[in-house]
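The values are calculated or read from the model by the stated rules, or taken from the named source; none is laboratory data. Keep in mind that what you see is a predicted model, and the values were worked out from it rather than measured. Using ideal geometry, Cβ is built from the backbone for each residue, glycine included, and neighbour counts are taken over all protein chains shown.
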Amino acid sequence: LGQWSYRQRGIVTAVTLEKAHQNTAFEIFYPDGPVAILPLNDDDDGRAMASIVWTVPEGKADAWVSLSDRAFGAALTKMSGGFLGEITPVTPRSSWPLTLCQASAMVAPRIALVGDSAHIIHPIAGQGLNLGLRDVAALAQVLGEGARLGLDPGDLAQLKRYQDWRMLDNAMMAGATDVLNRLYGLPGSAPSLVRRLGMQIVGRTGLIRRFIIDEARGSSGDLPELLMASD
């Protein structure tokens, strides 16, 4: 089991937005950590709602969590640049320690780990859910193929097919989110310039942009049939 702490916490809450989010997720990067604004269904009064995941250094989390709703909402509105209008918290805030954790093995006799039981990655880019969905779909496909052949679903040799399928993808995404978090955490004008140039290159290069979009959507690589059918 490989694990280490980012010495960051993710502050989570639900908010209303003055302007519609158009079912679009946003992530804004700061040296202390990213702020993710994730669309939710409108509330009963028709107000646009979103979930917030704000990554902050461990030592600053308690101060942010203890702010009044008004002050916290004002900070979010400022950090978002105001493009969604006024942001108003509507649920209590909580914070969670952020770690990277990867199980050395995803299977054992009659046991298979999926999702966060097998791997925990940084929430930057919101890829933890996609990895979990790919785990479940891959396991379902392996077990389904085995069942058609009359195999025991708990057989270790069969479960290792699932592990071999998923381990590399999980490890690569863990590494990518780790590097991205560290890159955006570098202070100073030189790293900031490199980040801006990198984003400009991505924006102007269709192939790279499409690859990143497909990765973010969880629709790249060796996908299980369940996910290809729903894409």
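Just one of the listed residues (110, 134) is surrounded by fewer than 13 Cβ atoms within 10 Å (Cβ to Cβ) and charged (D, E, K, R), and it is 110. A single entry from 142, 202, 114, 136 fulfils the requirement of being of a type in the set (Val, Ile, Thr) and at pLDDT below 95: 202. Taking the listed residues 125, 157, the one that is surrounded by fewer than 19 Cβ atoms within 10 Å (Cβ to Cβ), at pLDDT below 95 and hydrophobic (A, V, I, L, M, F, W, C) is 157, with no other qualifying. When you check residue 125 against the structure, is it more than 18 Å from residue 226 (Cα to Cα), touching a helix residue (DSSP H, G or I) at 6+ places or on another chain (Cβ under 9 Å) and in a helix (DSSP H, G or I), yes or no? For residue 125, the condition - more than 18 Å from residue 226 (Cα to Cα), touching a helix residue (DSSP H, G or I) at 6+ places or on another chain (Cβ under 9 Å) and in a helix (DSSP H, G or I) - is met.
Taking the conditions (1) in contact with a helix residue (DSSP H, G or I) (Cβ under 8 Å, 6 or more places away or on another chain); (2) modelled with pLDDT of 90 or more; (3) within 30 Å of residue 34 (Cα to Cα); (4) not polar (S, T, N, Q) in turn, residue 195 satisfies each one other than (2).
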